[in-house]
Amino acid sequence: MENKKKNNGVSNDHLGKDVSKKERKIKNKESKEVKESNPFPKDIILSIKNASYRYSDAEEDDYALKNVSFDFESGKLYAIRGRSGTGKTTLLSLISGLEKCSEGEIIFDGKSLKEMNLDKYRNSDIGIVFQSYNLLPFMTAVENIILSMDANGLKIKNKKEKAIELMKKVGLKASYANRKVLRLSGGEQQRVAIARSLSYNPKMIIADEPTGNLDKQTETEILEIFKKLAHEENKCVIIVTHSQNVCDTVDKIYNLKKVQEK
Amino acid sequence: MFILKNAWISIKRNKGRNILIGIIILIIACACTITLAIKNTASDLIDSYKSAYDKEVTIGFNRENMMKDFDPSQEEGRESAREKFDNVASYTISDVEKFADSDYIESYYYTYGVGLNGNSIEKAEIESNSDMPNGFGHGKETNMSSTDFTLTGYSSKDAMSEFISGTYTMSEITDNAWDIAFHGNYVFINQELAEYNDLKLNDKIKLEDEDGNTYEFEIIGIFKENEEENQEPMSMFSKSVNTIITNSDAVVALTNENENLKASIYPTFIIDSYDHVEKLQDEFYKKGLDENFLLQTNEELAESGVSSVKNISSFSTTFLVITLIIGGIVLFLINMINIRERKYEIGVLRTIGISKLKLTMQFVSELVIVSVVALTLGAGIGAISSKGVSNSLLANEINSSNEKTEEINKNFGGMNHGGDRGGMHGKGMPVVEAYDSIDAVVDIKVLLELLSIGLSLVLVSSIASMVSIQRFSPLTILKERS
């Protein structure tokens, strides 16, 4: 079974806890069929193969992350769960191309990240959402979204209209468009961050504790947005979290364990 | 476009910091413009001043060569040196003409001296202990110190360097003196000699050679020697008291009349460039110049005339360098602070996929936009200010040049008369007319220099941004922020 893969010296455990077991079975069946004919099945958008990461100043066998192998499919909402220090954020930075694997590789849409222009990858193929939103505080909500479009080199006439449309999509009023992001609440800022990550229509959204700073109600609303993006827009959404609420919402959960706990 | 757009947004957002950077660059630009303008003006002034000087070459003793075996502690050494001085070759006008026939020489003049005794006049007694030869062409036969007078013939007014330098000053002169001075037996005598012998203008004097031949000359001018500089200590008279000045033709006529009369010639060659002196010297040696002689130039003298301007130019350069160093350091530090303040922004921009190159270009563009505005303003302010500074510099130089013109005219008897080669400006006279306009001070050259200095400074001070952007890890920045 896919979610019970075990590697030598594994530091990770694929629980693959599907919300709908029936759905999971169907998917697994489909997946198996694809795998038999194609080493990189069409619906798998991201594949992590034995990825390990060691900080440059760490000792030889001091890994922050070791031999992690996960697959992610389009149209699904994933959670990567683990206690502090298990390498969740490290894994996220590897997936988002902010760091490079020390060993192993990550394959996005059939291409190894090692062969890709990671700047282009970040401003075209994936959208990143952070716990602390990482918006530019001196810009308005709409400017933050347009900045991301500009970084992508998106050539559309009415960027502002498109940005406002995205804001509406994530549940923000159009009247917030010209408001400096610092004057928005945490939930609203996170919605702007999500809107920004959607500005160039990426295939995958990666979110690092996106609801970590939010109350339950807002968390549920944000998760609903992610769910819609996965299920209605066929995006692969990966959420790094240790929130039970998030884990209850996602389609699949990958658990990370500390390297020492293996 | 994205880079420029973002750069412009950042400039507007960080008005305070950019105004501060702008002010610093403006001050640097202003200082640079003034300094470059002064430097260029001074450089033009120096070139023009030098071109106002003839590039002169004279023949002098190669003292190093002559003294190389000289050991003052031994009688033999002293003897050998004396012999060398006594036996150096003497040269004639035809030798000088032969030397002057060179591609490097534009023109030449000379003084031609001969020793004579008094016939109708008496030598003014002076104390002299010098028995050393005193110039080119002094052969052992020509022992002028043994005669009462030295009759020095100048080939042209340009050759009369003592008047030009102010060593001699004409105190009395006949109205037509300069019309006839170079065409016959006319002389200028020392004021002390005139007083000693009770002589006045238009009087005639008789001199005789050692063979008893007499020669008559008419006095057309009386000069005095600048006592402060030239009077020998413990002497009643100035050194030139027994020097009688005439023209070289008159001396040539004397030597033609009496072949035993040996004359000394002191030629001055006007050359095309100081760079050719060595080649000219080799040519002279090939044409028969004794190796105990060498060529000497007036380059140092020409340089000394513009030493004050050179000092200003050198001060300007030092000032410019210090301004650039201080300005560069301040800009670098501001950029460092700027980068530290904007670390988070860099992290976010890198995370959303803006490349290091684009980010670096954005930061540099911000600085370049501010710099171009500040440089333009600075150049304008500098141009206006440099006008005043340069005018002041020019005014001083013109004043000093005018004083010198007047002084030389005074030395020649206070008359503004033309010389053989285009008037009095042949020697030591800066051409000041070229500097009565200030329009060319801040010209395109200055602006281009300013632009290249300014942009280089900006780029160098941007190194902080460039290096930091390359080194920053977006994840680390964002983690720190969290």
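The values are calculated or read from the model by the stated rules, or taken from the named source; none is laboratory data. Here the structure is a predicted model, which means the values were calculated and not measured. Here Cβ is always computed from backbone atoms with ideal geometry, including for glycine, and neighbour counts include all displayed protein chains. Accessible surface areas use protein heavy atoms only, side chains included; no ligands, DNA or RNA. Shrake-Rupley method; radii C 1.70, N 1.55, O 1.52, S 1.80 Å.
A few notes on this one:
- Pairs where the first residue, in the range A:209-220, is under 10 Å from A:Val240 (Cα atoms) and the second is polar (S, T, N, Q) and open to solvent by less than 20 Å² (accessible area, probe 1.4 Å), C-beta under 7 Å, 6+ apart: A:Glu209/A:Thr241; A:Pro210/A:Gln190
- Close contacts from the range A:51-74, counting a first residue that is assigned to a strand (DSSP E or B) and a second that is among the aromatic types (Phe, Trp, Tyr), with Cβ to Cβ under 7 Å and a gap of 6+ residues or different chains, come to A:Ser52/A:Tyr63; A:Tyr53/A:Tyr63; A:Leu65/A:Tyr53; A:Phe70/A:Tyr254; A:Phe72/A:Tyr78.
- With respect to (1) among the aliphatic types (A, V, I, L, M); (2) open to solvent by 10 Å² or more (accessible area, probe 1.4 Å); (3) within 11 Å of chain A (Cβ to nearest Cβ), the lone exception for B:Ile381 is condition (3).
- Of B:Ser307, B:Ser264, B:Ser273, B:Ser316, all but one fail to be in contact with a Ser or Thr (Cβ under 7 Å, 6 or more places away or on another chain), within 28 Å of B:Tyr49 (Cβ to Cβ) and more than 14 Å from chain A (Cβ to nearest Cβ); the exception is B:Ser316.
- Filtering the range A:124-139 to residues that are touching a helix residue (DSSP H, G or I) at 6+ places or on another chain (Cβ under 7 Å) and farther than 11 Å from A:Arg196 by Cβ leaves A:Ser124, A:Ser132, A:Pro137, A:Phe138.
- Residues located in the range A:110-124, provided they are open to solvent by 30 Å² or more (accessible area, probe 1.4 Å) and more than 14 Å from chain B (Cβ to nearest Cβ): A:Gly110, A:Lys111, A:Lys114, A:Glu115
- Unique match (being more than 9 Å from chain B (Cβ to nearest Cβ), farther than 27 Å from A:Arg183 by Cα and not in a loop (DSSP other than H, G, I, E, B)) among A:Ile156, A:Ile107: A:Ile107
- The selection criterion, being under 17 Å from the mean Cα position of the chain (by Cα) and on the phi > 0 side of the Ramachandran plot, does not hold for A:Asn123.
- For A:Ser93: the one exception among (1) at pLDDT below 90; (2) open to solvent by 20 Å² or more (accessible area, probe 1.4 Å); (3) within 12 Å of chain B (Cβ to nearest Cβ): (2)
- Scanning the range A:163-186 for residues that are assigned to a helix (DSSP H, G or I) and crowded, with 17+ Cβ neighbours inside 10 Å turns up A:Ala163, A:Ile164, A:Leu166, A:Met167, A:Tyr176, A:Val181.
Yes/no matrix, rows are residues, columns are (1) open to solvent by 30 Å² or more (accessible area, probe 1.4 Å); (2) within 13 Å of the chain's Cα centre (by Cα); (3) more than 19 Å from A:Ile146 (Cα to Cα):
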site	(1), (2), (3)
A:Ile222	no, no, yes
A:Asn234	yes, no, yes
A:Val240	no, yes, yes
A:Gln244	yes, no, yes
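- First in the range B:5-32 and away from chain A (no Cβ under 14 Å), second anywhere and open to solvent by 60 Å² or more (accessible area, probe 1.4 Å), Cβ under 6 Å, 6 or more apart: B:Leu26/B:Leu377; B:Cys30/B:Ile381
- Subset of the range A:125-146 (residues that are open to solvent by less than 30 Å² (accessible area, probe 1.4 Å) and facing chain B (nearest Cβ under 7 Å)): A:Ile128, A:Phe130, A:Asn134, A:Leu136
- When residues of the range B:450-478 are limited to those that are within 14 Å of another protein chain (Cβ to nearest Cβ) and touching a helix residue (DSSP H, G or I) at 6+ places or on another chain (Cβ under 7 Å), the one most open to solvent (accessible area, probe 1.4 Å): B:Gln470
- Residues that are open to solvent by 10 Å² or more (accessible area, probe 1.4 Å) and either part of a loop (DSSP other than H, G, I, E, B) or touching a His at 6+ places or on another chain (Cβ under 8 Å) (or both), drawn from the range A:187-210: A:Tyr200, A:Asn201, A:Lys203, A:Glu209
- Criterion applied to B:Ile59, B:Ile93, B:Ile27 was being crowded, with 21+ Cβ neighbours inside 10 Å and at pLDDT 80 or above, and the one residue passing it is B:Ile59.
- Residue within the range A:246-255 that is in contact (Cβ under 8 Å) with a residue 12 or more places away in the chain, open to solvent by 20 Å² or more (accessible area, probe 1.4 Å) and assigned to a strand (DSSP E or B) present: yes
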